[in-house]
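First up is the structure itself, then whatever we jot down about it.
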Amino acid sequence: MRGVDDLADEVMKIGFSCTRCGACCTEVSGDSNLVIVSPPEVRAVAGAAGIPADEVADPFPEFLDGEDGRRFTFDWCLRREGGRCRFLGEGRCRVYAARPWICRTYPFMLDGDRLIVSECPGLGRPIGREAAIALARDLLERQKAEVREEAGIRAVMGAVPVPSGSVAVIDSEGVWVVHG
């Protein structure tokens with residue numbers, strides 16, 4: 001597993017400074033700005049926005065077909081309105097302090113030990129050591145959170161059946177029927 005300093009060094013070599021352009025919050029092509037969120041992230045965003053949790057996220061739009069008419073997906077994604085994240089205000093996130101891991105670490109993510117970099121206008125701009133270390137820590141915490149969520153989903157799948165003929169989201173906290 002990579003260390004914070006090594007990861008921060010790589011981020012510094014690439015360079016990054018958010019331009020607050022909102023491009024990552026706006027759909028460029030079909031589902032390009034889907035922000036996958038875990039149940040704790042949904043609750044945090046709901047609290048920051050002052051709205052019920054069921055108004056924060058929608059089921060991830062890719063479903064698997066199971067037996068007996070069951071369809072399911074494993075993720076939630078932040079709700080969008082008009083191709084934009086519903087929490088994007090005038091050039092600024094309205095739930096910035098509670099933003100999900102994906103938003104905190106964009107345009108970076110970890111795939112195992114490999115740093116993946118998405119397109120972003122802020123790439124190539126200077127980043128200070130402290131900011132790079134903070135980003136590296138967030139990347140490692142995001143990775144841990146994703147591993148926990150995946151383990152939780154596996155545990156739920158082994159314990160809670162998806163009702164026959166339903167469409168559901170399976171997350172680390174249960175099976176949530178959304179249709180049927």
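The values are calculated or read from the model by the stated rules, or taken from the named source; none is laboratory data. Bear in mind the structure is a predicted one, so any value in this text is a computation, not a measurement. FYI the Cβ positions are ideal-geometry reconstructions off the backbone, even for glycines, and counts take in every protein chain you see. Remember, those area values only see protein heavy atoms, side chains included, never the ligands or the DNA or RNA. Shrake-Rupley method; radii C 1.70, N 1.55, O 1.52, S 1.80 Å.
So what's the net charge close to residue 179: Lys and Arg +1, Asp and Glu -1, counting the other residues with Cβ under 14 Å from its Cβ?
Local net charge: 0.
Sequence-distant or interchain residues sharing an amide H contact under 5 Å with residue 35, placed H: which?
78
Kindly list the residues of region 128-148 that lie in the label zone of residue 4, defined by a backbone N under 17 Å from the point 7 Å along the Cα-to-C-beta vector.
Only 128-145 pass the distance filter.
Given Cα pairs under 8 Å that are at least 6 residues apart, what percent is the relative contact order of region 77-180?
Once divided by the residue count of region 77-180, the mean separation gives 15 percent.
Can you give the longest stretch of the chain with no exposed loop site, where a site means trypsin sites (Lys or Arg not before Pro) in a DSSP loop (not H, G, I, E or B) with at most 14 other C-beta atoms within 10 Å?
The segment 93-180 is the longest one with no such site.
Compute the distance in nm between two label points, each set 7 Å from the Cα along the Cα-to-Cβ direction, one at residue 134 and one at residue 159.
So the two model labels end up 3.7 nm from each other.
I need the shape label for region 60-151. Rule: rounded when a/c is under 1.5, else prolate if a/b > b/c, else oblate, with a, b, c from the alpha carbon gyration tensor.
Taking the square roots of the gyration eigenvalues as a ≥ b ≥ c, region 60-151 is oblate.
Where does the chain land at 222 nm, in deg cm²/dmol rounded to the nearest 500, when only DSSP H runs of n ≥ 4 count, each adding -39500 (n - 2.57), divided by all residues?
Calculated mean residue ellipticity at 222 nm is -10500 deg cm²/dmol.
Ranked from the most accessible area to the least, with a 1.4 Å probe and all protein chains present, what is the order of 34, 78?
34, 78
Computing the accessible area with a 1.4 Å probe over protein heavy atoms, can you report the carbon and sulfur percentage for the chain?
Within the chain, the accessible surface is 52 percent carbon and sulfur.
Please give the residues of region 72-113, grouped as numeric ranges, whose backbone N is less than 17 Å from a label point set 7 Å along the Cα-to-Cβ vector of residue 55.
78-82, 85-89, 94-96
Kindly identify region 1-116 as rounded, prolate or oblate by the Cα gyration tensor criterion: order the square roots of the eigenvalues as a ≥ b ≥ c, call it rounded if a/c is under 1.5, otherwise compare a/b with b/c, prolate if a/b is larger, else oblate.
Oblate.
Accessible area per residue for the chain in Å², computed with a 1.4 Å probe and the full protein assembly in place, what is it?
That works out to 55 Å² per residue.
Only helices at least 20 Å long along their own axis, judged from Cα atoms, and with Kyte-Doolittle mean hydropathy of -1.0 or greater: name those in the chain from DSSP H.
The qualifying helices are 129-159.
Subtract the Cα-Cα distance of residue 43 and residue 67 from 0.36 nm times their separation in residues, and report this length gain in nm to one decimal.
Here the segment from residue 43 to residue 67 would lengthen by 5.5 nm.
Can you compute the charge dipole magnitude of the chain about its Cα centre, using +1 on each Lys and Arg Cβ and -1 on each Asp and Glu Cβ, nothing else charged? Give it in debye, rounded to the nearest 20.
640
Based on alpha-carbon centroids, what's the gap between region 33-57 and region 130-180 in Å, whole number please?
The distance from the Cα centre of region 33-57 to that of region 130-180 comes to 14 Å.
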